[in-house]
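Following: one structure in structure tokens, then a few remarks.
The values are calculated or read from the model by the stated rules, or taken from the named source; none is laboratory data. This is a predicted model, so every value here is computed, not measured. Here Cβ is always computed from backbone atoms with ideal geometry, including for glycine, and neighbour counts include all displayed protein chains.
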Amino acid sequence: MDLLIHWIWFSQLEGLSQRQKMNLLRQGYEPEDLYHGQEESLQNLEGMQPDFVQALCQKDLSEARQIGEDCRQKGIHILTFRDAAYPNRLRHVEDGPVLLYYQGVLPDWDARPVIALVGTRKATPYGLRVGRSIAGQIAACGGLVISGGASGVDTAAMEAALEAGCPTVGVLGSGVDVVYPASNRRLFQEVIAKGCILSEYPPGTKPEYWHFPQRNRIISGLSHGVLVVEAPRKSGALITARCALEQGRDVFVVPGNIDSATCEGSNALLLDGAQPVMSGWDVLSSYAACFPETVAKNDAPVVQEKTDGEATCDKKDIDNPPKPPYSGLMDRHEDLNEEERALLACLGAEPVLMDEVIARSNIPAANVLRLMTVLSVKGLVTMHPGRRVSANIE
């Protein structure tokens, strides 16, 4: 942690904007060298302005050390601009974060399309339903869904990605140890278990209102495209969309009710030229050629409404799956061994998670993965993104 103290000091330094800090880093200056530099030597550095020198003469490390200790105690990781795992797209954001605090496991940001799904906290039932459905489809088709972790559309999107069996990422306007809203405590725990929660704010930072517009530039900066589901005229989602346009990202919009105030902002984006979409594949098809190995059209889990108003993912019963019409498939291949037949018996035309197949077949996971490859070569099954598989039933 001692090696990161100067990075924390630099990130918290007052008197320099995010853009100015990033400019210094891009010029090759290191926080540790800047900390140890005296006023006279700093003045002689190329590109160093007088107000920069004044700010860099603040040499107190006590706050940085406390932040570092808090991270150590709470299991919070720090990712600096120089780290190889720092997202490449975020490197090119002019006012990007000097460092990121995170909990969980960082995804491979370049392995698949990253789609930010954002919308209003006060979403209508339509917005929640569509947000869940499209987020689930994006995840099932091979995309990585990220959002801001707020109530409403953000929460619906992250829940749907998890229900599709895929990781998701939450970008917070508070410290990663501060749950906001409090109702998302369990959701954040699930996200950390399968993906990650990240923030540019140190642990313990409260969710002040001015943090969220700042946070939104990171959401769009991480993404290939931003999807706005439902947003009124004054909405943080519109700030994210504006950041996306400034950063050269794609902007997609779900058309909304023209009589609804919650859709006025998002519908206005359509009039300004944003791309209308009605499914997750409408979004991911734009990136299929760039990610041929990870992106493919696929049906998402069916999302239904509970009687208490909460949406849920309609998953198949693992213990009592419906009997698929696979008998003809087996009859055409009498050379199948017992385990291969057992696996086919667990499959139908609809893609299911590989974990479900393992649970149904009672065959060791390593064998299932190997046998699925064999069955795929024989043309009997199709492997889908998101660790899903289906039988090729004629």
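Quick look at the numbers
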quantity: Answer from S223, S266 - the residue that is crowded, with 24+ Cβ neighbours inside 10 Å, touching a residue at least 60 places away in the same chain (Cβ under 8 Å), closer than 17 Å to M158 by Cβ and touching a strand residue (DSSP E or B) at 6+ places or on another chain (Cβ under 7 Å); calculated: S223
quantity: Selected residue [in a helix (DSSP H, G or I), over 29 Å from W9 (Cβ atoms), in contact with a Ser or Thr (Cβ under 7 Å, 6 or more places away or on another chain) and not polar (S, T, N, Q)] from V226, V191; calculated: V191
quantity: Residues satisfying the stated conditions in the stretch 195-236, i.e. over 15 Å from the mean Cα position of the chain (by Cα) and hydrophobic (A, V, I, L, M, F, W, C); calculated: W210, F212, V229, A231
quantity: So E46, is it surrounded by fewer than 16 Cβ atoms within 10 Å (Cβ to Cβ), charged (D, E, K, R), more than 27 Å from the chain's Cα centre (by Cα) and farther than 17 Å from L61 by Cα; calculated: yes
quantity: The lone exception for L128 - which of (1) in a loop (DSSP other than H, G, I, E, B); (2) of a type in the set (A, V, I, L, M); (3) modelled with pLDDT under 95 it fails; calculated: (1)
quantity: Residue count for the stretch 1-40, restricted to those that are under 28 Å from the mean Cα position of the chain (by Cα) and either under 20 Å from I218 (Cα atoms) or small (G, A, S) (or both); calculated: 14
quantity: Pick from the stretch 100-129, criterion buried (at least 21 other Cβ atoms within 10 Å of the Cβ) and among the hydroxyl-bearing types (S, T, Y), ranking: nearest to L269 (Cα to Cα); calculated: T120
quantity: Condition check for D282: charged (D, E, K, R), within 27 Å of L238 (Cβ to Cβ) and either modelled with pLDDT of 90 or more or in contact with a helix residue (DSSP H, G or I) (Cβ under 8 Å, 6 or more places away or on another chain) (or both); calculated: yes
quantity: Residue check, V357 in contact with a Cys (Cβ under 7 Å, 6 or more places away or on another chain) and either at pLDDT 75 or above or of a type outside the set (F, W, Y) (or both); calculated: yes
quantity: Selection from the stretch 142-166 of residues that are at pLDDT below 95, in contact with a Lys or Arg (Cβ under 7 Å, 6 or more places away or on another chain) and either farther than 27 Å from H211 by Cβ or in the same structural domain as M383 (by TED's automatic domain parsing) (or both); calculated: G165
quantity: Among (1) surrounded by 18 or more Cβ atoms within 10 Å (Cβ to Cβ); (2) over 17 Å from Q247 (Cα atoms) - the single one P97 does not satisfy; calculated: (2)
quantity: Restricting the stretch 145-170 to residues that are in contact with an Asp or Glu (Cβ under 9 Å, 6 or more places away or on another chain) and of a type in the set (A, V, I, L, M), the residue that is farthest from R132 (Cα to Cα); calculated: L162
